[in-house]
Each structure stands twice: as C-alpha cells, then as structure tokens.
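Student: Let me give you the structure first, and then I'll get to my questions.
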Amino acid sequence: MKTFKITLAYDGTGFVGWQRQAAGTSIQGLLEDALRELDQRDVAVIGAGRTDAGVHALGQVAGFSLERAITPEALIRAVNGRLPDTVRVLSAVEVSPAFHARFGARSKTYRYRIWNGDVMSPFERAYAWHVPGPLAVEPMIAAARVLEGTHDFASFQATGGERLTTERLVFSSRVGVALRPCLTAQEGARANQSGTGQGAGEGRLIVYEIAGNGFLRHMVRIIVGTLVEIGRGRRPVEWVDEVLASRDRARAGPTAPAEGLILAGVEYEADARRAEEGGPFEVRLR
C-alpha cells in the first residue's frame, strides 16, 4: 500500500460541495469514483476541508492509499483523465501512512472575493459577491485585523454547526484591493484612487484573506458579511469587538454568498510558519 497526498483545484459551481452526499455530485465522490476505477477497489479519500456547495478551491489537499504500484506523476495523469475539466489534481507526493489530510493540517487559508461596482463583470459572476454602491475599504481593513489572535468565534458560526469548542486561532486577517485584471491599467488606477470604483463600466475587486488553525461552519462567509456592513457605513469598526463578546450569531452580519469563497491553501508542519507570518497573499493586503 502507498499513501498519497494530493493538492487539487476545482470550480465549485454546480457541485454539492467537497463531501460525498446521497444526492448531487461532490468533489470527494468524483475522486473516489476515479480511484475505484484505477485501483479496482473502493478507496476512501479524506480532504483537509469540507467546502460547501458552490465554494471553490485553489489548494485543497486530500489523502488516500492505493494498492496499485504507481508513481505520483502517473497518478496525476490517471486521475485527471477520469475527472471533469472543472476539477484538476495539481500535484501528488507519496507520504507516510500516518498522514491525515484533515487532522494533520496546521493552518488553512481562505480567500473571499468581492466585486464592488454598479455592474457585475460577467467574468466574475461565479467567483465573487457583487456588492454595488460605495464600500469603504479602510474601515474593513481595521475591522479585519481585530479578528487576529485567539478568540471565541461562536458569533460567526452558522446555526446548527455547533462544535465542542468555538475558540480558534487566526494567524492573519487582511483586506485589500486587487489589481483589476478585467480593467485597463488606467481604469484600475481610477477605481482604486476613487475608493468606490463606481464609474460607468468600472469596478474593483476587494479581497479578504484569512489564515487560521481551524474554521467553524460558514465562519469566513459570516465574517465577510460583517466586514461589508462596516464598509457600507452601517456599523463602526468597534462593532466587531461587540459581536465577538456576544457569542450570538444574530449579532453578526449576514452570511456572504458561497461563490466568492475559495480554499486557497492548507499548510502542514513547517509550512504553517509561512501562514503565521502573514499567509500566501496575492494582493496588496494590510
């Protein structure tokens, strides 16, 4: 038996999420079906994070064991050949049989994308939350930093998602404005300088990124909904402290839509130090 750790990316649109369910197509189910065909037996696949329906991944990690003698390179080709184009294995490596994708993870990084503009770009509609109207980024930056450290995140847990403990350690919590790939450089500069990006046909991409040792159900999406309330001027930055102290889901902001959320990466052992130092950011975050 060989144990493998794979890293994969997927477009979560149209899937019921990571976890295999009685109805609908899941990422875990697709992988297990592909590996059953490859290994001629049932293969259990364990993922690092159970992303919900519609949530995407750039760096999901999964582990499993195979009886068939196969190299990591051949495994990538064989599995990708049995998966839809919306799910791709990016890398594979043989690991110790003791490897556990979920319980061995030291840090996970999630990224949430917000399209701030009057008109939603058709190229962003499946991968971002459309928030029209003025959205002040500076207060969102300040509020996000309040969440860094160890806190009880009971207020940011979806109803019915109770865990034994709701305390989590957040290594970094940052907000930034990404360079606009769908705008010209001139348009992107105007959107960033204006602070609103509300000109005709213009918009800007606001990115929230959070790295922590674990997350509650819908935690990131509720945090984003809370930050947007602050960005809209409906609440002050200090409201975040009040929400944390209340331990009451009803006191936090709305749950942001699933399509804006991406599991950006999972860190193990020594790799976790990178997340503790600020995470693998791809935009200018403060």
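The values are calculated or read from the model by the stated rules, or taken from the named source; none is laboratory data. All values derive from a computational prediction rather than experimental measurement. All Cβ positions, even for glycine, are placed from backbone atoms using ideal geometry, and neighbour counts span all protein chains on display.
Student: For the stretch 37-51, name all the residues that are assigned to a helix (DSSP H, G or I), within 16 Å of Lys2 (Cβ to Cβ) and out of contact with any helix residue (DSSP H, G or I) (no Cβ under 7 Å at 6 or more places or on another chain). Walk me through how you get there before you give the answer.
Tutor: From the stretch 37-51, those assigned to a helix (DSSP H, G or I) are 37-39; that's our starting set.
Filter once more, keeping what is within 16 Å of Lys2 (Cβ to Cβ): 38-39.
Hit for the stretch 37-51 is Asp39, nothing else.
Student: Restricting the stretch 105-125 to residues that are of a type in the set (A, V, I, L, M) and at pLDDT 95 or above, which is surrounded by the fewest Cβ atoms within 10 Å (Cβ to Cβ)?
Tutor: Ala105
Student: Hey, can you tell me all the residues within the stretch 101-159 that are in contact with a strand residue (DSSP E or B) (Cβ under 6 Å, 6 or more places away or on another chain), among the hydrophobic types (A, V, I, L, M, F, W, C) and farther than 27 Å from Glu242 by Cα?
Tutor: Within the stretch 101-159, Ala101, Ala105, Trp115, Met120, Ala128 qualify.
Student: With Leu35, Leu75 as the choices, which residue is in contact (Cβ under 8 Å) with a residue 60 or more places away in the chain and more than 30 Å from Gln157 (Cα to Cα)?
Tutor: Leu75
Student: Can you find, within the stretch 222-235, the residue that is farthest from Gly133 (Cα to Cα) among those that are assigned to a loop (DSSP other than H, G, I, E, B) and touching a residue at least 40 places away in the same chain (Cβ under 8 Å)?
Tutor: Gly233
Student: Right, something else. Please work out if Ile262 is assigned to a helix (DSSP H, G or I) and either among the polar types (S, T, N, Q) or within 23 Å of the chain's Cα centre (by Cα) (or both).
Tutor: Values: assigned to a helix (DSSP H, G or I): no; either among the polar types (S, T, N, Q) or within 23 Å of the chain's Cα centre (by Cα) (or both): yes.
Here the answer is no, as Ile262 does not meet what is asked.
Student: Name the pairs whose Cβ atoms lie under 9 Å apart, with the first residue in the stretch 247-271 and assigned by TED's automatic domain parsing to the domain that holds Gly63, the second aromatic (Phe, Trp, Tyr) and assigned to a strand (DSSP E or B), and 6 or more positions between them or separate chains?
Tutor: none
Student: Right, another one. With the condition kept exactly as written, say whether any residue in the stretch 78-86 is touching a residue at least 60 places away in the same chain (Cβ under 8 Å), assigned by TED's automatic domain parsing to the domain that holds Val61 and either among the polar types (S, T, N, Q) or surrounded by fewer than 22 Cβ atoms within 10 Å (Cβ to Cβ) (or both). Spell out how you get there, then give the answer.
Tutor: If we filter the stretch 78-86 for residues that are touching a residue at least 60 places away in the same chain (Cβ under 8 Å), which is where we start, we get 79, 86.
Checking the rest, the ones that are also assigned by TED's automatic domain parsing to the domain that holds Val61 come to 79, 86.
Applying the additional criterion that residues be either among the polar types (S, T, N, Q) or surrounded by fewer than 22 Cβ atoms within 10 Å (Cβ to Cβ) (or both) yields 86.
Within the stretch 78-86 (the criterion being touching a residue at least 60 places away in the same chain (Cβ under 8 Å), assigned by TED's automatic domain parsing to the domain that holds Val61 and either among the polar types (S, T, N, Q) or surrounded by fewer than 22 Cβ atoms within 10 Å (Cβ to Cβ) (or both)), the answer is yes, since at least one residue qualifies.
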